[in-house]
Amino acid sequence: MALAAGLVALAPFFALFAFVGHPQAFLYLKGRWRYAGIAVTAVVSAIGHLGGAADIVAGAWWEGISVAVICIVLAGVFFHVAELADDRNRKQRRALTELHEANTKLEAALEETAACTPNCWCGRAGRGAR
């Protein structure tokens, strides 16, 4: 992110490439640090989109702050929803694995029960499975 900030300071055009910081924040940071990484990326992008730090300092500082806040909120909400979806998918995958294991055990128990012994109470002695 420091490299992106340096490039944006040299030429605001590089703010287009600063967007890469959003997914990297979620890949490499954990917990609330992810949102701090998103906030830093959003501020760097906002500075670049407004024409660089020199234009913001020149007088319209409130524009820089408002664009940065909008970028932070939008990116934060998007990645929060993505994180919730990822958690849901992980829980569903775990539940499906447990369900598969339970079904395998149930099939084994049914096969064992279906193979009737000669002294079976069901009256199918010696006939085996259905």
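The values are calculated or read from the model by the stated rules, or taken from the named source; none is laboratory data. Owing to the predicted nature of the structure, the values given are computational and were not obtained by experimental measurement. Methodologically, a virtual Cβ is constructed for each residue, glycine included, from the backbone with ideal geometry; neighbour enumeration extends over all protein chains shown. These accessible areas exclude ligands, DNA and RNA; they are computed on the full protein's heavy atoms, side chains included. Shrake-Rupley method; radii C 1.70, N 1.55, O 1.52, S 1.80 Å.
Rg and Dmax, both from the Cα atoms of the range 24-92 and both in Å, are 14.7, 53. The fraction of accessible area contributed by carbon and sulfur in the range 6-57 is 74 percent, rounded to a whole number (1.4 Å probe; ligands and nucleic acids excluded).
Using only the heavy atoms of the protein chains and a 1.4 Å probe, how would Thr113, Thr41 rank by accessible area, largest first?
Numbers: Thr113 100, Thr41 0 Å².
Greatest to least solvent exposure: Thr113, Thr41.
Phi angles of the range 24-29 translate, via the Karplus equation with coefficients 6.51, -1.76, 1.60 and θ = phi - 60°, into HN-Hα couplings of 5, 4, 7, 7, 9, 10 Hz per residue; Gly and Pro are given as x.
Restricting the trypsin sites (Lys or Arg not before Pro) of the range 1-106 to loop positions (DSSP other than H, G, I, E, B) with no more than 16 neighbouring Cβ atoms within 10 Å leaves Lys30, Arg32. Distance between the 7 Å Cα→Cβ label points at Ala9 and Glu101: 5.3 nm.
Val20 to Glu83: FRET efficiency via 1/(1 + (r/R0)^6), r the Cβ-Cβ distance, R0 30 Å, to the nearest 0.05?
Values: r = 19 Å, r/R0 = 0.62.
Rounded to the nearest 0.05, the efficiency is 0.95.
Rounded to the nearest whole Hz, the Karplus-based 3J(HN,Hα) values (6.51 cos²θ - 1.76 cosθ + 1.60, θ = phi - 60°) of the range 97-112 follow the sequence 5, 5, 5, 4, 5, 5, 5, 5, 5, 5, 4, 5, 5, 5, 5, 5, with x at glycine and proline. For the range 1-96, the relative contact order works out to 26 percent when only alpha carbon pairs closer than 8 Å and six or more residues apart are counted. With the whole protein complex present, Glu63 retains an accessible surface near 70 Å², based on a 1.4 Å probe.
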